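> Please find one structure pasted underneath; my questions will follow.
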């Protein structure tokens, strides 16, 4: 009976939706409603509480995480639920001294910049919008495409420049005697490619990286260079979330999620050798359907995970 009602409801929705869509377009609300529903869909697996499962998989082990561009602290953008933050051993990279000072009390903070090699780099500081500070200078000519209004131009104005000491990701982790990295997040306003070039032999199980389709900075590398490098490092893109307003029909930027390439033995071996941490990361990031498929490939049986329904695909 329940299944029959469900089918009837689906049929009714298909009939009603076109009329609702026309009304929303007339009211100039269609994009707002779509964006709202997309956000709800993207975060639909937040209804679950994976803490008990994570305790079972990780026991007392921590997920080693490197947060590059850690202004505001670890997971400051709340990309995943903050209830999972205690499962991470986080290392924070913040080159702006005033901002790194705010992070005092954290276990590991590196007050340096990361780059593809050791060198001194100029950092363009935007004091009115500190999170938009970058190794690249803002490109005023493209502000109109990003829907930046004239009255807000001052927020994107370079107020000062500083020189910062840069090193590679691999060198900095070696100095901390860290031999393994599970999760890497890079959000550095265009410097992501150069930072990735310094990854050395580290191969995280999950990488979250900001890619610019249309950068508001001058001479930043194209987003395809970033994804190409990650594919060369044997990673595959499994998810993205658009961010930033733009006057094309795509977002200006996207947060992209990469994991080891599960379609070859090298990637599967990396996952297999670190399966408890990998499963935990996939749960935290809400990647249930793909996780269930990969667990079958790895011949891992867990009834609790098997029964979970990925709400994103509903």
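> Note down the nm distance, to one decimal, between modelled labels 7 Å out along Cα→Cβ at residue 306 and at residue 276.
With each label point 7 Å from Cα toward Cβ, the separation is 2.2 nm.
> Determine the distance separating the Cα centre of region 67-123 from the Cα centre of region 260-314; give it in Å without decimals.
Each part's Cα centre sits 28 Å from the other's.
> Could I ask something else about it? Of 129, 160, 203, how do they rank once you tally other Cβ atoms within 10 Å and put the fewest first?
Result, fewest neighbours first: 160, 129, 203.
> Something else: Grab the Cα-Cα distance for residue 142 and residue 48, subtract it from 0.36 nm times how many residues apart they are, and report the gain in nm with one decimal.
That works out to 29.7 nm of additional length.
> Separation between the residue 178 and residue 228 pseudo-spin-labels, each 7 Å from Cα along Cα→Cβ, expressed in nm?
Placing both labels 7 Å beyond Cα along the Cβ direction yields 2.9 nm.
> Further, regarding this structure: Between residue 262 and residue 108, how many nm apart are label points set 7 Å from Cα along the C-beta direction?
2.7 nm
> Cα-Cα pairs above 35 Å in the chain: how many percent?
Summing the P(r) of the chain above 35 Å gives 28 percent of all pairs.
> Okay, moving on. Using a 10 Å cut-off around each Cβ, can you sort 56, 104 from fewest to most neighbouring Cβ atoms?
Placing the least packed residue first, the sequence is 104, 56.
> Counting other C-beta atoms within 10 Å, which of 89, 194, 39 has the fewest, and how do the rest follow?
Ascending number of Cβ neighbours within 10 Å: 39, 89, 194.
> First obtain the Kirkwood hydrodynamic radius of region 232-314 from its Cα pairs, then insert it into the Stokes-Einstein equation at 25 °C and 0.890 mPa s, and state the resulting D in µm² per second as a whole number.
Value of D from the Cα-based Kirkwood radius: 171 µm²/s.
Values in this text are rule-based calculations from the coordinates and carry no lab data. None of these values were measured; they are calculated from a predicted model. Quick reminder, even Gly has a Cβ in these numbers, built from the backbone with ideal geometry, and neighbours come from all protein chains shown.
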